[in-house]
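Asker: Pasting a structure below so you can have a look.
The values are calculated or read from the model by the stated rules, or taken from the named source; none is laboratory data. None of the values given here were measured: they were computed from a predicted structure. In this analysis, Cβ positions are derived from the backbone assuming ideal geometry, glycine residues included, and neighbour counts consider all displayed protein chains. These accessible areas exclude ligands, DNA and RNA; they are computed on the full protein's heavy atoms, side chains included. Shrake-Rupley method; radii C 1.70, N 1.55, O 1.52, S 1.80 Å.
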Amino acid sequence: MTGATEEQQGGLGTFGGVFTPSILTILGLVLFLRVPYVVGSVGLFQSLIILGLATLVSVLTTISLATVATNLKVRGGGEYFLISRTLGVEFGGAVGVVLYLAISVSVAFYAIGFAEAAAGAFDRDAASVIQSVAVALIVVLIGVAIIGSDLATRLQYVVMALLVMSLVSFFVGAGRDFDADLLSENFDKPDNGTGFWEAFAIFFPAVTGFSQGVAMSGDLRSPSRSITRGTFAAVGVSTIVYVAAIIVLAGSAPAATLVDETTTIMGDVSLAAWTILVGVLAATLSSALASSLGGPRVLQQLAKDRVLPGIAPFAAGAGPMRNPRRAALITALIAVIVAALGDLNAVAPIISMFFLASYGLINYATYFEIRAASTSFRPRFRWYDRRVSLAGTAACGAAIVAINPIAGAAAGVVLVGLYLYLRRRDTPDRWSDSAGAYHFTQARKHLRRLDDHPRTRDWRPCMLVFVPRDPELRSRMLKVASWMEGDVGYMTAVRVVEGDDPRRRRHAAEVEADLRRELDDSAPGSYARVLATQEIDVAVPALVQAHGIGDIRANLAVFGVRDLRSTDGDGEAYGQMLHGCARQGTNVVITNVDRHGWEVFESTAPRDRTIGLWWSDDQVGQLITLIAWLCKRDPAWSDARVIAHVPAGEQPDERARVESLLEAARIRADVVEVEPTAAALADALGSTTLALAPLRIRRGRALGPFGSPLGMLLESLPIAIMTLATEFLDLDAEPDDELEELAELREQVERTRRWVRELDTEASARLVETESRRIALDAADDDDDRDRLRDAVAEAEREATAAFRRYLDAKTRLEAVERRFHEMSPGAGPSDLDPAVWRSSSRD
């Protein structure tokens with residue numbers, strides 16, 4: 001939690017740790033050297049619009065920062081920490097790496113800016129001099145960073161004082177000669193001015209320093225409160241300064257002068273020109289200092305999280321505040337190399353893109369967090385809205401496109417590449433991010449929507465696989481179950497533990513943890529569950545009935561054959577348990593995965609494997625056919641040949657009929673006609689690699705086709721999947737006409753119901769009117785009135801009778817339409833593939 005219980009990590013407060021580094025970076029080189037050019041190029045009005053748009057990005061991002069920062073305990077790493085703890089290590093790591101490199105390179109940028117200003121003041125602007133001064137400044141700044149943030153903070157106060165002095169000199173000097181007429185002339189864009197978005201691209205880097213204080217999060221006494229207050233204050237104060245500077249410049253010099261003398265005009269209108277030089281030097285020095293402090297802390301947190309291999313040594317810190325000295329040395333090395341290269345214009349836009357990308361992801365991370373609707377999302381900052389954060393994401397993307405789309409694309413390629421690398425590297429999770437909450441929310445939403453959609457054609461296995469204790473048999477059974485799942489459904493492996501006392505329940509929890517680890521290797525994406533019970537034959541059907549949520553319910557219970565050769569009592573209990581599952585409307589499968597069949601499977605080349613199914617003209621035939629197709633989706637069976645063994649019937653064209661049915665269902669299989677005997681079944685399926693055949697439960701015993709005992713039949717088969725079907729499937733995937741008719745019927749039902757209600761109301765009104773006239777007739781004394789009222793009653797009775805007949809007729813029509821609608825509703829009847837063929841249930 002945040003707030004009073006928040007761990008005090010460092011000694012810096014809001015002013016020194018967040019406000020000062022942020023505002024010193026915002027009020028940087030752009031203010032002194034580029035704002036005059038922008039005002040002279042596009043005029044006062046467009047300059048204020050540019051400032052407004054740029055500030056909008058910073059304000060929206062600051063809102064997102066405040067939201068996330070007040071919802072968790074912020075540690076070191078700044079933006080990286082916030083993004084990684086929300087979007088996960090892949091997104092956070094990708095942003096963290098490029099952000100660290102951007103900050104390290106920006107140290108060299110600011111150092112070269114300082115060197116150019118200092119060398120120009122002494123007319124020593126040779127490239128070698130500038131590079132030497134820049135390298136020397138980097139060494140000094142990193143030395144300050146190595147000593148500690150306390151010294152750097154005190155140095156920032158000195159820089160702040162120099163910057164304030166420069167601004168006071170400028171505003172007092174320019175205000176003294178302020179000309180309202182000149183302000184009016186500079187209000188609109190001059191004829192020879194530059195483009196709006198070009199000026200925007202020049203100005204925008206001015207507002208990208210508002211997050212400098214976030215990088216110091218690990219050194220703050222109260223990170224959540226300081227980041228919120230300090231960042232908002234820095235954005236607010238800097239915006240006021242920029243508005244004032246733009247207005248004062250527009251009223252101090254003509255547009256042409258502002259453009260031509262953009263680097264000197266502020267000094268010319270100030271009380272003393274040297275104060276602006278001091279301001280430029282202070283601005284560049286402060287920005288370089290802030291970057292030299294923030295960059296190492298990002299690397300330190302990346303190393304703590306072990307995002308990349310080989311960076312763990314940089315997680316070390318010195319002193320009570322864990323000052324990242326090793327990371328500072330690496331930052332110095334990167335900055336010195338970049339400064340020695342000299343020309344930074346080629347990479348400067350990409351660096352800006354990295355900052356913008358990180359701001360965009362902060363906004364998206366906040367939107368993601370809000371949308372996830374986690375119960376742990378309780379930020380102390382209340383002025384948030386997911387639409388605001390989404391707008392911030394869009395604003396950052398628009399700024400990237402407006403400034404330099406090519407550089408933005410390059411930055412995007414780097415970010416995506418790092419993200420894919422980190423995802424492939426599969427870094428273990430060391431914290432809980434918002435992805436789980438997001439997926440939970442999405443699952444909840446989609447489950448609710450799923451209830452409104454018919455799924456007669458989209459049968460998917462939701463399997464409960466009751467695995468044995470033997471690890472070898474369990475591994476084989478899980479593999480066969482994964483074939484049947486076909487990577488389109490859900491599979492839950494269930495271990496049954498006898499007993500439900502506390503000791504057994506603790507043991508069940510340990511077994512479930514072991515089973516979960518086993519599934520990670522043998523059947524990734526599956527789930528584990530342990531059932532502790534005293535009465536297995538009752539508990540298993542109850543679990544089958546209760547398993548699932550919403551429309552996702554267990555529809556396939558898978559068992560082994562371990563009890564089929566047991567005593568009569570045990571065999572009958574086993575059969576009763578299977579029958580209990582079938583009574584719940586769940587399909588039942590018994591798998592045979594003995595050693596011999598498995599050895600045959602493993603020794604057979606994939607292209608030589610065969611899937612043999614015993615054809616059955618009922619609903620179990622539909623399920624067996626679909627299971628064979630699902631197995632073909634697995635790489636182990638993708639090249640296998642499917643053979644449908646069709647028992648010879650009375651019709652001479654039986655083979656052609658089955659081929660036509662399979663063709664209509666778009667399932668490839670070779671159809672072979674065989675004798676309808678148990679011996680022919682054993683011979684046909686015994687020569688395949690995987691056998692699928694019907695299962696029946698009769699008088700508590702599991703039987704194969706022709707009533708053959710299942711135990712005896714399975715001894716002659718390879719890996720076998722014996723299936724009992726309790727539901728109708730639709731193998732014909734041409735549902736559009738039916739769904740259209742179903743939708744029309746639904747609308748017709750609603751229209752007819754409204755019509756019935758209207759006629760019911762009318763008939764009731766007619767009856768009331770008739771009764772009212774009868775009462776009037778009984779109360780009448782005059783013969784003429786009685787004759788008139790008698791005629792009125794007769795007329796009312798005729799109208800009431802007619803209305804009631806219309807109501808009965810409409811109600812009869814409604815019943816017919818509703819009956820037709822329910823017949824076509826999901827699960828109401830057999831498939832339209834061939835009602836004459838898929839005709840009977842396989843349960844006896």
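Asker: Out of Thr239, Thr284, Thr262, Thr231, I need the residue that is at pLDDT 90 or above, of a type in the set (Ser, Thr, Tyr) and open to solvent by less than 50 Å² (accessible area, probe 1.4 Å). Which one?
Answerer: Values: Thr284 fails: at pLDDT 90 or above; Thr262 fails: at pLDDT 90 or above; Thr231 fails: at pLDDT 90 or above.
Selected residue: Thr239, the only one of Thr239, Thr284, Thr262, Thr231 that is at pLDDT 90 or above, of a type in the set (Ser, Thr, Tyr) and open to solvent by less than 50 Å² (accessible area, probe 1.4 Å).
Asker: Mind listing whichever residues of the range 706-725 are touching a strand residue (DSSP E or B) at 6+ places or on another chain (Cβ under 7 Å) and surrounded by 20 or more Cβ atoms within 10 Å (Cβ to Cβ)?
Answerer: So in the range 706-725, the residues touching a strand residue (DSSP E or B) at 6+ places or on another chain (Cβ under 7 Å) come out as 709-710, 714, 717-725.
If the condition is that a residue be touching a strand residue (DSSP E or B) at 6+ places or on another chain (Cβ under 7 Å) and surrounded by 20 or more Cβ atoms within 10 Å (Cβ to Cβ), then Leu710, Leu714, Leu717, Pro718, Ile719, Ala720, Ile721, Met722, Thr723, Leu724, Ala725 are the ones that fit.
Asker: Here is a list: Arg655, Arg668, Arg696. Which entry is more than 25 Å from Ala605 (Cβ to Cβ) and touching a helix residue (DSSP H, G or I) at 6+ places or on another chain (Cβ under 9 Å)? I'd like the intermediate steps shown before the answer.
Answerer: Working: Arg655 fails: touching a helix residue (DSSP H, G or I) at 6+ places or on another chain (Cβ under 9 Å); Arg668 fails: more than 25 Å from Ala605 (Cβ to Cβ).
Matching residue, one of Arg655, Arg668, Arg696: Arg696.
Asker: Do we have Asp177 as farther than 14 Å from Gly43 by Cα, acidic (Asp, Glu), out of contact with any Cys (no Cβ under 8 Å at 6 or more places or on another chain) and modelled with pLDDT under 85 here?
Answerer: Working: farther than 14 Å from Gly43 by Cα: yes; acidic (Asp, Glu): yes; out of contact with any Cys (no Cβ under 8 Å at 6 or more places or on another chain): yes; modelled with pLDDT under 85: yes.
The answer is yes for Asp177.
Asker: Right, another one. Inspect the range 326-336 for any residue being in contact (Cβ under 8 Å) with a residue 12 or more places away in the chain, touching a Pro at 6+ places or on another chain (Cβ under 7 Å) and among the hydroxyl-bearing types (Ser, Thr, Tyr) and give the result as yes or no.
Answerer: Looking only at the range 326-336, we keep the residues that are in contact (Cβ under 8 Å) with a residue 12 or more places away in the chain, and these are 326-332, 334-336.
Right, trim to touching a Pro at 6+ places or on another chain (Cβ under 7 Å) and you get 326-328, 331.
After this cut, where a residue has to be among the hydroxyl-bearing types (Ser, Thr, Tyr) as well, the list is 331.
Yes, because at least one residue in the range 326-336 is in contact (Cβ under 8 Å) with a residue 12 or more places away in the chain, touching a Pro at 6+ places or on another chain (Cβ under 7 Å) and among the hydroxyl-bearing types (Ser, Thr, Tyr).
Asker: Check Val107, Val98 and return the single one that is under 40 Å from the mean Cα position of the chain (by Cα), within 17 Å of Arg326 (Cβ to Cβ) and at pLDDT 80 or above.
Answerer: Working: Val98 fails: within 17 Å of Arg326 (Cβ to Cβ).
From the options Val107, Val98, the qualifying one is Val107.
Asker: Taking Ser104 as the residue in question, decide whether it is small (Gly, Ala, Ser), part of a helix (DSSP H, G or I) and out of contact with any helix residue (DSSP H, G or I) (no Cβ under 8 Å at 6 or more places or on another chain).
Answerer: Values: small (Gly, Ala, Ser): yes; part of a helix (DSSP H, G or I): yes; out of contact with any helix residue (DSSP H, G or I) (no Cβ under 8 Å at 6 or more places or on another chain): no.
Answer is no for this residue.
Asker: How many residues are surrounded by 12 or more Cβ atoms within 10 Å (Cβ to Cβ) and modelled with pLDDT under 75 if we restrict to the range 416-430?
Answerer: Counting residues in the range 416-430 that are surrounded by 12 or more Cβ atoms within 10 Å (Cβ to Cβ) and modelled with pLDDT under 75 gives 2.
Asker: Right, here's the next one. For the range 122-203, which helices (runs of 4 or more DSSP H) that fit wholly inside it have 2 or more residues that are open to solvent by 70 Å² or more (accessible area, probe 1.4 Å) and more than 30 Å from Gly52 (Cα to Cα)? Outline the logic, then answer.
Answerer: Numbers: elements: 127-147, 149-176, 180-185, 196-203.
Counting at least 2 such residues, we get 127-147, 149-176.
Asker: Here is a further query. Of the conditions (1) under 27 Å from Trp637 (Cβ atoms); (2) touching a residue at least 12 places away in the same chain (Cβ under 8 Å), Asp521 clears all except one; give me its number.
Answerer: Here Asp521 clears every test but (2).
Asker: Okay, moving on. Go through Glu512, Glu472, Glu498 for me and flag whichever is among the charged types (D, E, K, R), open to solvent by less than 70 Å² (accessible area, probe 1.4 Å) and either within 25 Å of Cys581 (Cα to Cα) or out of contact with any His (no Cβ under 6 Å at 6 or more places or on another chain) (or both). Explain how you work it out, then say what you get.
Answerer: On the way: Glu472 fails: open to solvent by less than 70 Å² (accessible area, probe 1.4 Å); Glu498 fails: open to solvent by less than 70 Å² (accessible area, probe 1.4 Å).
On inspection, the qualifying residue turns out to be Glu512.
Asker: Hey, another quick one. With respect to Leu289, is the statement that it is in a helix (DSSP H, G or I) and touching a Leu at 6+ places or on another chain (Cβ under 6 Å) true?
Answerer: Working: in a helix (DSSP H, G or I): yes; touching a Leu at 6+ places or on another chain (Cβ under 6 Å): yes.
Taking the combined requirement at face value, the residue satisfies it.
Asker: In the range 637-692, how many residues are in contact with a His (Cβ under 6 Å, 6 or more places away or on another chain) and under 17 Å from Thr723 (Cβ atoms)? So that I can check it myself, show each step before the final result.
Answerer: At the first step, the residues of the range 637-692 found to be in contact with a His (Cβ under 6 Å, 6 or more places away or on another chain) are 672, 674, 684.
Now narrow it down to the ones that are under 17 Å from Thr723 (Cβ atoms): 684.
Of the residues in the range 637-692, 1 are in contact with a His (Cβ under 6 Å, 6 or more places away or on another chain) and under 17 Å from Thr723 (Cβ atoms).
Asker: Just need a number here: residues in the range 665-688 that are closer than 28 Å to Arg633 by Cβ and in a loop (DSSP other than H, G, I, E, B).
Answerer: 7
Asker: From the set of residues in the range 772-814 that are of a type in the set (Asp, Glu) and open to solvent by 90 Å² or more (accessible area, probe 1.4 Å), which is nearest to Leu745 (Cα to Cα)?
Answerer: Narrowing the range 772-814 to residues of a type in the set (Asp, Glu): 778, 781-785, 787, 791, 795, 797, 799, 809.
Then drop every residue that is not open to solvent by 90 Å² or more (accessible area, probe 1.4 Å), which leaves 778, 781, 783-784, 791.
Numbers: Asp778: 49, Asp781: 56, Asp783: 55, Asp784: 54, Asp791: 44 Å.
So, considering only residues that are of a type in the set (Asp, Glu) and open to solvent by 90 Å² or more (accessible area, probe 1.4 Å), the one nearest to Leu745 (Cα to Cα) is Asp791.
Asker: Name the residues in the range 292-319 that are within 33 Å of the chain's Cα centre (by Cα) and part of a loop (DSSP other than H, G, I, E, B), would you?
Answerer: Result: Asp305, Arg306, Val307, Leu308, Pro309, Gly310, Ile311.
Asker: What is the residue count in the range 84-130 for residues that are closer than 19 Å to Pro205 by Cβ and among the charged types (D, E, K, R)?
Answerer: Summing the residues that are closer than 19 Å to Pro205 by Cβ and among the charged types (D, E, K, R) in the range 84-130 gives 1.
Asker: Any residue at all in the range 608-616 that's open to solvent by less than 40 Å² (accessible area, probe 1.4 Å), at pLDDT below 90 and of a type outside the set (D, E, K, R)? Outline the logic, then answer.
Answerer: Let us first name the residues in the range 608-616 that are open to solvent by less than 40 Å² (accessible area, probe 1.4 Å), namely 609-616.
Then keep just the ones that are at pLDDT below 90; that gives 615-616.
Filter again for of a type outside the set (D, E, K, R), leaving 615-616.
The answer is yes, given that some residue of the range 608-616 is open to solvent by less than 40 Å² (accessible area, probe 1.4 Å), at pLDDT below 90 and of a type outside the set (D, E, K, R).
Asker: Among the residues of the range 530-551, count how many are within 27 Å of Arg449 (Cα to Cα), touching a helix residue (DSSP H, G or I) at 6+ places or on another chain (Cβ under 7 Å), open to solvent by 30 Å² or more (accessible area, probe 1.4 Å) and at pLDDT 80 or above. Please lay out each step first, then the result.
Answerer: Pass one, the range 530-551, residues within 27 Å of Arg449 (Cα to Cα): 542-551.
Then drop every residue that is not touching a helix residue (DSSP H, G or I) at 6+ places or on another chain (Cβ under 7 Å), which leaves 544, 549-551.
Now drop any that are not open to solvent by 30 Å² or more (accessible area, probe 1.4 Å), which leaves 549-551.
Retained after the next criterion (residues that are at pLDDT 80 or above): 549.
Selection size over the range 530-551: 1.
Asker: Taking the conditions exactly as written (out of contact with any Gly (no Cβ under 6 Å at 6 or more places or on another chain), closer than 30 Å to Thr70 by Cβ, open to solvent by less than 10 Å² (accessible area, probe 1.4 Å) and in contact (Cβ under 8 Å) with a residue 40 or more places away in the chain), does Pro223 satisfy them or not?
Answerer: Working: out of contact with any Gly (no Cβ under 6 Å at 6 or more places or on another chain): yes; closer than 30 Å to Thr70 by Cβ: yes; open to solvent by less than 10 Å² (accessible area, probe 1.4 Å): yes; in contact (Cβ under 8 Å) with a residue 40 or more places away in the chain: yes.
Yes, satisfied.
Asker: For the range 826-842, state whether one or more residues are in contact with a Gly (Cβ under 8 Å, 6 or more places away or on another chain), at pLDDT below 75 and outside any helix (DSSP H, G or I). Lay out the reasoning, then the answer.
Answerer: Our first condition is that a residue be in contact with a Gly (Cβ under 8 Å, 6 or more places away or on another chain); within the range 826-842, this holds for 838.
Checking which are at pLDDT below 75 leaves us with 838.
After this cut, where a residue has to be outside any helix (DSSP H, G or I) as well, the list is 838.
Scanning the range 826-842 turns up at least one residue that is in contact with a Gly (Cβ under 8 Å, 6 or more places away or on another chain), at pLDDT below 75 and outside any helix (DSSP H, G or I).
Asker: Just to be sure I understand the filter: pairs with C-beta atoms under 7 Å, separated by 6 or more residues or on different chains, first member in the range 570-594 and farther than 14 Å from Val540 by Cβ, second member part of a loop (DSSP other than H, G, I, E, B) and acidic (Asp, Glu). Which pairs pass?
Answerer: Pairs that qualify, where the first residue is farther than 14 Å from Val540 by Cβ and the partner is part of a loop (DSSP other than H, G, I, E, B) and acidic (Asp, Glu), are Asp570/Asp563; Gly571/Asp563; Gly585/Glu727; Asn587/Glu727.
Asker: Would you point out the residue of the range 9-58, among those that are under 20 Å from Gly294 (Cβ atoms) and open to solvent by 30 Å² or more (accessible area, probe 1.4 Å), that is modelled with the lowest pLDDT?
Answerer: Gln9
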